Structures are given as C-alpha cells and as structure tokens.
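The values are calculated or read from the model by the stated rules, or taken from the named source; none is laboratory data. Everything numeric here is computed off the predicted structure, so don't read it as measured data. Because the Cβ atoms are built from the backbone with ideal geometry, glycine has one as well, and the counts that use them run over all protein chains shown. Just the protein is used for accessible areas: all its heavy atoms, side chains included, with ligands, DNA and RNA removed. Shrake-Rupley method; radii C 1.70, N 1.55, O 1.52, S 1.80 Å.
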Number of protein chains: 2
Amino acid sequence: MTGSGPGSPLGLHRVLDPAGVLPQAAWRLDASPALWPDEVLVRVERLNLDAASFRQLREATGGGAPAMRAEVCRIVAERGKMQNPVTGSGGMLTGVVEESGPGSPLGLAPGDRIATLVSLSLTPLVITDGLTGWDGRSEQVPCRGHAILFGRSIATVLPADLPGPLALAVLDVCGAPALTGRVVSQAAGRAGGSAPVVAVLGAAGKSGSLSTVAARRAGAGRVIGVVPSEAEAATLRAAGLVDEVVVADARDPVALAAAVRGAGGPAAVTVVCVDVPGCEGGAVLSTADGGTVVFFSMATSFTAAALGAEGVAADVTMLIGNGYVPGHAQLALDLVRREPGVRGLFEARISEETRGNRPGLEEK
Amino acid sequence: MTGSGPGSPLGLHRVLDPAGVLPQAAWRLDASPALWPDEVLVRVERLNLDAASFRQLREATGGGAPAMRAEVCRIVAERGKMQNPVTGSGGMLTGVVEESGPGSPLGLAPGDRIATLVSLSLTPLVITDGLTGWDGRSEQVPCRGHAILFGRSIATVLPADLPGPLALAVLDVCGAPALTGRVVSQAAGRAGGSAPVVAVLGAAGKSGSLSTVAARRAGAGRVIGVVPSEAEAATLRAAGLVDEVVVADARDPVALAAAVRGAGGPAAVTVVCVDVPGCEGGAVLSTADGGTVVFFSMATSFTAAALGAEGVAADVTMLIGNGYVPGHAQLALDLVRREPGVRGLFEARISEETRGNRPGLEEK
C-alpha cells in the first residue's frame with residue numbers, strides 16, 4: 001500500500017513511524033506537500049484545537065502566547081501532525097483547497113473553503129508562520145501552512161451563511177448531536193409509546209447544547225440539562241433548550257444521580273459532554289436499567305466505565321462516541337440555523353474565547 | 001449515606017479515600033470485618049486475578065513466587081482491595097459465606113460456596129495467610145482472608161456439577177458471551193433475513209471462545225475466529241467452534257481487516273477479546289458500515305477507538321463491554337456444559353496455567 005502507486009485511502013503511505021499502523025496511531029507522519037494521486041492539498045487558515053488538548057497545553061506551558069506557540073510548532077514539526085502527545089487528541093482545521101489529486105474521491109476543487117471533519121491527530125500538517133497571529137487564548141488558532149487530506153479524510157465546504165468561527169466551532173463537535181439523535185430515536189422506538197427521558201451532562205457547552213436539541217428533535221420526552229454552576233444554569237435556562245436545569249458536579253456520582261432523579265430521571269439516555277475525568281460512575285448511576293450512556297468526553301476512561309457499571313450491576317449500554325455519523329455536519333449546522341438558543345450559546349462562547357475568558361468546565 | 005445507619009447498597013460507607021467516589025474509583029477502602037446490616041462476610045478461598053493485572057504483576061516483579069505474593073499482599077494491605085494500581089483492574093474471588101447481614105438482599109446463607117460477579121477492584125478484602133499457597137504462576141490464587149459484599153455486589157452460588165477452577169474461570173468472563181449474544185441477536189433482528197457475520201478477535205481464549213458459541217446461538221450466520229498464531233489456530237479448529245479460523249495480528253489494522261474480509265467479512269459484529277493494546281483500528285476496519293464493535297479488552301483506549309473510527313469515516317457503533325448483563329453467569333455456565341469444544345479449551349488453559357505455561361496472547 002506504500003511506495004509508488006495510487007496511495008492508500010487511509011493514508012498508510014504517509015506513516016513514517018511506527019510502520020503498519022494507521023495515521024491516527026502513528027507517532028510521525030510524512031507531511032511533505034507533494035501529492036499522491038488521491039490526495040488533496042489544503043492551504044491552512046485556522047486550526048481548532050480540541051478542548052482537552054488546549055487545556056493541557058495551557059496548563060503545561062502556563063498559557064503565555066510565546067510558550068503556547070512554541071509548543072504547538074514543536075509538536076507539529078516533530079510529528080508531522082498536531083496530535084497532543086499527552087491527550088492523544090487533535091482538533092480540526094479550516095483552509096482553502098490548493099490542489100486536488102486526479103484520483104481524489106472527495107469532490108473538492110481548488111478555491112473551495114473547507115473544514116476537515118477528521119481529527120488533526122491524523123492529518124499531515126506543516127506550519128510556516130510560527131503561529132504569530134495567535135494570542136494563545138483561544139482554541140481557534142490563526143495559522144499559515146499546508147495540510148493533506150487522504151481519500152477517506154472527509155471534509156465539508158464551509159457554509160456561506162454562517163460566520164467562519166461559528167461554523168468551525170459547530171463542525172468541531174458535530175458528531176455529538178448526530179449520534180445523540182440516533183440513540184434517542186432508537187430509544188423512542190423501543191419505549192413503545194413513552195418518550196424517553198434524556199440527561200445531558202455539560203448541557204451549556206458546545207457539544208452539550210447541540211445534543212439537547214438533537215435529543216428533543218429525535219423524540220425525547222424530557223430533556224434534563226446538567227451544569228456545574230449557577231452561572232451556567234442561568235445561561236442554559238435563558239437559552240430555553242431543556243425542560244429542567246440541574247446544578248451538580250458530574251464527578252460526584254451520588255449527588256449527580258440524585259439530581260437527575262429529582263429532575264424526572266433516571267434517564268433512558270445519558271449523554272456525557274463534560275471534558276473532565278471521573279464522570280463514568282455518575283453517568284451510569286443516572287441511567288435507568290436498560291438505558292444507554294453515550295460518552296463523548298475524551299477524558300473518559302474505558303476501564304472505569306466497564307468496571308464501574310459491572311460494580312453496581314447496572315444493565316446499561318455504554319457507547320464510545322464515534323465522531324463520524326453520516327450527515328453529521330449538515331445536521332449540526334442546521335440545528336444552529338434553526339435554534340436561536342443554541343446559536344446564542346455558541347456566539348457567547350466564541351466571544352468569551354476571543355476575550356480570553358475561559359469557562360471553568362469545557363466541553364469536548 | 002455513611003456513618004451509622006443502614007449502609008449504602010453501593011458500598012459508599014466503606015470508601016476512605018477520596019470521599020464521595022464509588023468504591024471502584026476509590027484509592028482505599030475500609031475492609032474491616034464488622035458488618036453493616038446489608039452486607040455479607042465471605043471467607044475467601046481463591047482470588048482470580050484478571051489477565052491484564054496478572055500480566056502486569058508478572059512483568060513488574062519478574063514473576064517469582066515471593067515477589068508476586070509480596071506485591072499482591074502489599075496492594076491489598078494498602079488499598080483494602082485488590083485493584084492493580086497500574087491497570088486499574090482486579091478480578092474476582094470464590095469463598096464461603098460466613099455471615100449474611102439481616103438487611104442483605106443477596107439471598108445468601110452461611111455455608112454457601114460462592115463466586116463474586118463484581119470486580120475485586122471494588123471489593124473490601126483482607127489477606128491473612130501471606131498467599132503462601134500460591135506459586136505465582138497462575139491467575140488463580142489460593143488465599144485465606146475475608147471479603148465484604150455490598151447490597152448491590154452480585155454473587156452466584158458455585159455450581160455443584162463443575163470443578164471449582166473451571167467454574168471460576170468461566171464466571172470471570174461471563175459478561176462477554178451475554179453481551180455478545182445480545183448484540184448479535186439485535187443485529188440478526190435488524191438484518192432482515194440475512195444472518196450476520198461475526199468476527200471474534202482472540203477466539204481461542206476464554207472470553208473469546210464463549211463469545212463464539214454465544215454468537216452462533218444468537219443467530220450469527222458465519223463466525224470468524226481470529227487468533228495470533230498457527231498453534232492457536234489448530235486448537236480452535238479442533239474445538240470446532242467457528243466457521244473459519246484466520247491467523248492475524250490484531251494490532252496490524254490492514255492485515256487484520258484483509259484477513260477478516262478474506263474469511264467472509266467485513267463483520268456485522270466484531271468482538272474484541274484480545275488483551276493487548278492497539279487493536280482499536282483493526283477492529284473498526286474489520287467491521288461493516290452500520291455494524292457494531294464490542295470491546296471487552298481492558299487494554300482498550302477510549303481515545304484511540306473514538307478518533308480512530310472518525311479518522312476513517314467508519315459508521316460503526318462501538319460498545320464498552322459492560323461486565324454485567326442479567327443472567328450472564330447462568331448463560332456462561334450453560335454454554336460450557338453444552339459445548340464440549342468450549343469446555344475442552346477452558347480445561348486445557350487451566351491445565352496450562354497450573355503447569356505454569358502461559359499462552360502468548362491472553363484474553364480478558
């Protein structure tokens with residue numbers, strides 16, 4: 001699959017070390033701009049670091065702009081991709097298509113302004129401007145350089161009717177509402193008449209707020225939004241996205257389960273959008289027997305979830321939140337277009353990030 | 001929930017550090033033998049360390065009996081439970097009920113010989129014999145001491161018709177066949193007539209072999225067993241559990257996917273029972289669009305699974321293998337009673353372990 005020839009749609013021909021693994025699992029990729037026939041070359045305009053990676057970088061460097069810039073540039077120079085070596089996660093990017101190989105199946109043309117829908121953790125990337133336009137305060141990083149898309153690296157043309165930073169923030173988390181909608185719709189089909197109760201942990205965040213409206217549209221009977229503070233509760237109430245807002249620490253399993261029960265739970269579907277470790281037990285205890293927990297947080301521990309559910313004899317289905325669901329990008333963009341409450345939350349967060357005020361509890 | 005009173009069915013009253021978390025997530029438990037009203041006191045006879053923990057202990061200590069004994073005793077003395085601090089996992093135990101609190105809902109009576117079906121990682125435990133009866137070579141550890149069961153700590157009375165070590169080995173992995181059966185049955189219902197193809201990675205192991213027969217009984221059309229070596233392939237063929245045996249390294253995603261395709265795949269359901277890291281990408285690539293991957297391996301990385309599936313635009317459902325499914329213990333014991341091929345594999349493995357010959361690739 002490597003060497004001369006058509007290239008691998010998975011990008012295996014770009015893997016330098018270790019041999020034989022997928023680009024996401026690789027330590028180092030070949031990010032040279034010479035295209036294989038089925039690849040696409042993108043002129044990068046902006047990186048969107050994922051929340052877990054951004055937080056780690058800020059804590060490790062102290063958060064100053066020079067240190068943040070240097071660390072991201074160092075990682076990309078070393079690995080040929082922006083994959084945080086501590087969190088394993090990446091983010092996504094926007095840019096303009098510069099060249100589309102003759103064998104590319106992506107349907108992109110030079111000049112298209114696009115966002116990638118695959119993680120930066122598998123996207124070959126070169127940074128050429130030292131990130132001088134970045135103040136280190138926002139996950140959205142102005143950036144010059146180039147990136148490579150493989151045959152199976154999905155991307156979407158940015159919508160003309162939404163501001164770029166808004167579209168980028170929505171597309172970054174677009175897997176969550178799509179999968180939430182699917183799971184809630186299945187639960188509604190099984191429930192035999194009674195519309196399922198859905199609890200969203202981190203409901204005022206980006207993936208969380210999108211998931212609340214996706215759940216309602218998919219047939220949820222009652223949507224419970226869990227947030228960590230009174231301030232977020234006020235924001236979520238004002239947005240009018242959920243039937244009940246409760247304040248609870250998602251890391252305190254007993255308090256969380258009691259709060260969800262008090263608000264009409266336990267939930268048939270619990271959606272975890274809180275990007276801090278230690279929420280597995282509480283999510284399981286908040287979920288009814290026969291129900292489903294969907295973990296979108298990159299801070300989820302596989303072992304803690306598996307042994308935690310077994311340890312309390314909880315018959316719940318636990319899903320690893322797959323960031324890819326067909327149609328996820330259009331679904332998420334449509335939700336933001338049609339739900340002023342969600343759009344308002346996104347715009348407020350983008351504005352906060354631009355001003356350098358970070359909310360205490362970030363979502364994926 | 002703590003202090004005087006009826007005790008928490010989750011065992012919260014036994015958590016010493018840190019406060020407020022579930023026993024599984026706790027660093028240290030109170031393992032004193034004085035019972036709360038809904039608890040059960042068990043005289044321990046045998047611990048069954050989980051494969052990931054046993055392997056880690058063997059590698060860290062060199063595998064000698066004195067070092068293995070000392071390390072397990074040290075962990076249990078320090079934490080009040082046998083939870084390997086590196087892997088986070090535990091195992092299970094067998095013993096005899098010594099006292100059943102007046103408020104215990106478990107239905108156990110003094111003298112019952114039982115196996116716990118919750119992890120050692122949340123079970124208060126005291127070892128009193130220094131594990132002098134253990135040669136350090138087997139996951140099954142003769143042990144004297146006591147353990148505590150909470151109101152929600154499920155346990156099962158050991159069957160009279162099966163040897164103790166066999167029953168213990170089966171019960172240790174009984175969540176896998178139960179959940180596999182459920183998922184395959186759902187897939188068969190959805191398929192609309194065509195029986196689903198099921199691939200089991202690590203099919204000659206304990207959880208793997210049980211999963212193959214559970215899959216067939218749940219309506220699988222074709223069961224593909226993947227093993228890492230020709231020796232295991234011969235064993236699996238002789239046992240007659242699967243339709244096709246293929247040899248592949250589950251950590252090599254491209255080779256694994258090609259092998260599964262060559263054997264009649266991609267799979268509608270892929271079951272991961274291989275207890276080594278790095279199998280996420282191969283499992284995803286071996287699974288058909290719309291299919292399901294069930295991860296039972298404690299070596300699974302949440303991030304690698306989530307980003308790996310997204311990175312190859314794979315629309316697959318990924319399940320965290322919950323060790324608890326109602327009826328799981330009886331189902332697994334019945335499979336061993338009715339399927340001589342499975343029983344033979346288990347007996348051979350137990351005999352190998354007793355002789356100190358460890359297979360190269362262990363299952364959960």
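Consider the range B:222-254 and keep the residues that are more than 22 Å from the chain's Cα centre (by Cα) and in a strand (DSSP E or B). The one that is farthest from B:VAL276 (Cα to Cα) is B:ARG222.
Restricting attention to the range B:332-348 and to residues that are of a type in the set (A, V, I, L, M) and surrounded by fewer than 22 Cβ atoms within 10 Å (Cβ to Cβ), the residue that is farthest from the other protein chains (Cβ to nearest Cβ) turns out to be B:ALA348. Within the range A:211-221, the residues that satisfy the criterion of being part of a helix (DSSP H, G or I) and surrounded by fewer than 21 Cβ atoms within 10 Å (Cβ to Cβ) are A:ARG216, A:ARG217. Please verify whether B:VAL276 is outside any helix (DSSP H, G or I), out of contact with any Ser or Thr (no Cβ under 6 Å at 6 or more places or on another chain), at pLDDT below 95 and open to solvent by less than 20 Å² (accessible area, probe 1.4 Å), treating the condition exactly as stated. Yes, satisfied. Among the residues of the range B:6-17, the ones that are open to solvent by 50 Å² or more (accessible area, probe 1.4 Å) and either within 13 Å of chain A (Cβ to nearest Cβ) or not in a loop (DSSP other than H, G, I, E, B) (or both) come to 3 in all.
Restricted to the range B:152-195, and to residues there that are open to solvent by less than 10 Å² (accessible area, probe 1.4 Å) and assigned to a loop (DSSP other than H, G, I, E, B), the residue that is modelled with the highest pLDDT is B:CYS174.
Got a sec? Which of B:GLY341, B:GLY311 is among the small types (Gly, Ala, Ser) and without any contact (Cβ under 8 Å) to a residue 12 or more places away in the chain? Testing whether each residue is among the small types (Gly, Ala, Ser) and without any contact (Cβ under 8 Å) to a residue 12 or more places away in the chain leaves just B:GLY311.
Of the residues making up the range A:91-126, those that are in contact with a Lys or Arg (Cβ under 7 Å, 6 or more places away or on another chain) and either among the hydroxyl-bearing types (Ser, Thr, Tyr) or closer than 19 Å to A:ASP172 by Cβ (or both) are A:LEU93, A:THR94, A:GLY95, A:VAL96, A:LEU120, A:SER121, A:LEU122, A:THR123, A:LEU125. Only one entry in B:VAL254, B:VAL294 is surrounded by fewer than 21 Cβ atoms within 10 Å (Cβ to Cβ), within 12 Å of chain A (Cβ to nearest Cβ) and aliphatic (A, V, I, L, M), namely B:VAL254.
Yes/no per residue for (1) of a type outside the set (Ser, Thr, Tyr); (2) open to solvent by less than 60 Å² (accessible area, probe 1.4 Å); (3) closer than 30 Å to A:PRO163 by Cα; (4) within 14 Å of another protein chain (Cβ to nearest Cβ):
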| position | (1), (2), (3), (4) |
| --- | --- |
| A:ALA19 | yes, no, no, yes |
| A:ALA34 | yes, no, no, no |
| A:VAL40 | yes, yes, yes, no |
| A:SER53 | no, yes, yes, yes |
| A:GLY63 | yes, yes, yes, no |
| A:GLU71 | yes, yes, yes, no |
| A:GLY80 | yes, yes, yes, no |
| A:GLY91 | yes, yes, yes, yes |
| A:PRO102 | yes, no, no, no |
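Report, by residue number, each residue of the range B:298-331 that is in contact with a helix residue (DSSP H, G or I) (Cβ under 8 Å, 6 or more places away or on another chain) and more than 9 Å from chain A (Cβ to nearest Cβ). Within the range B:298-331, B:GLY327, B:HIS328, B:ALA329, B:LEU331 qualify.
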